[in-house]
Amino acid sequence: MDIVVSGIRSTGKLHLGNYFGALQNFVKMQHENHCYFFIADFHSLTTHPTPQDLHGSVKQVLAEYLACGLDPEVATLYVQSDIPEIPQLYLLLNMNAYMGELERCTSFKDKVRTQPNNVNAGLLTYPTLMAADIIIHKAHKVPVGKDQEQHLEMTRTFANRFNRLYNVDYFPEPVPYNFGKQLVKIPGLDGSGKMGKSEGNAIYLADDAETIRKKVMRAVTDSGPTAPNQKKPEAIQNLYTLMGVVSQPDTLKYYEEQYNNCTIRYGDMKKQLAEDIIAFTSPIRERIEAILSDNEYLRRVAKMGAEKARQSASKTLDEVRHIIGFREF
Ligand code: TRP
């Protein structure tokens, strides 16, 4: 069985894009691989959350993972900061991570541009921490989006460099986990691009019905098709793509026909889309709320996850320390 590691920054709630792009696949993946799913709370410190915000968002993400169907008995579900072996491996990897390659990393360069007054060392070494997350379990595969491919590539560089430096065949080369064609890109509601937290165009799993209705009704459209069977502009196609994942096939077909014969009323379509999104997210939202109110359960899940993750992590760290040359007297 392959070892799979995936982390999510604990900086916010999950949206439909996260669900269809990742979570839905994680739920299947957990039965076919040895999966480690964790909440990257150390990584979130690069943006200096308040103590309140830090714990609150970790708790929210854990509850949402569980509500989406990740099974803590099947996968290993844990909080990054519960595993002291990760920062230790991070320290060791940093000794062989070079300033030049870290500075060349696209995500770092973006941060330098967008937040010039908070270019901290944690941002610079974000890729070594991520590498530590992954190779601490000697992972084979990592489900990553486009924006994380470079980080995973750097992970391979660090893993290979360690093997070469110590002349061992210790760390496997982690490759992207490929979901294949099943992966639908979930668009936002603002007419272009994908759904994202920072884009401000997201529908969250935890949004209530009224919020969802408001967001969908505000979605960008145009003045409608002027000839039969026109190609849909991006903003319109986005509504159909969303409908394709949450609505019944007949509903989608009905609105496709309306578009193709130019009788479409976007207002009606949006009302339907909003109700279908609500029907889809409501059971998840209810589970999120139930889990959030059961602190004892969350505590048990986090504790069990940390124990399982530390078993694997401490074995790796012991072996790495030995390879490097640390010895007991
Ligand atoms: N950098 C990832 C992101 O921003 C989160 C992350 C941290 C991660 N450590 C990881 C993802 C390890 C996969 C594996 O989305």
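The values are calculated or read from the model by the stated rules, or taken from the named source; none is laboratory data. This one's a predicted model, so the numbers in the text were calculated from it and none came from an experiment. Cβ: placed from backbone, ideal geometry, glycine included. Neighbour counts: every protein chain shown.
Tabulated data
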quantity	calculated
Filter pass, residue 145 being modelled with pLDDT under 95, under 28 Å from residue 102 (Cβ atoms), within 16 Å of the ligand (Cβ to nearest atom) and surrounded by 15 or more Cβ atoms within 10 Å (Cβ to Cβ)	no
Residue satisfying condition, being touching a Lys or Arg at 6+ places or on another chain (Cβ under 8 Å), under 25 Å from residue 314 (Cβ atoms), away from the ligand (no atom under 12 Å from the Cβ) and in contact (Cβ under 8 Å) with a residue 24 or more places away in the chain, within set 64, 85	85
Tally, over region 3-32, of residues that are more than 14 Å from the ligand (Cβ to nearest atom) and modelled with pLDDT of 90 or more	9
Residue check for residue 7: under 23 Å from residue 185 (Cβ atoms), in contact with a Lys or Arg (Cβ under 7 Å, 6 or more places away or on another chain) and assigned by TED's automatic domain parsing to the domain that holds residue 313	no
Residue count for region 204-221, restricted to those that are over 21 Å from residue 37 (Cβ atoms) and in contact with a Gly (Cβ under 9 Å, 6 or more places away or on another chain)	4
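Every residue, every condition in (1) more than 16 Å from the ligand (Cβ to nearest atom); (2) within 19 Å of residue 22 (Cβ to Cβ); (3) surrounded by fewer than 16 Cβ atoms within 10 Å (Cβ to Cβ), yes or no:
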site	(1), (2), (3)
152	no, yes, no
159	no, no, no
169	yes, no, yes
178	no, yes, yes
187	yes, yes, no
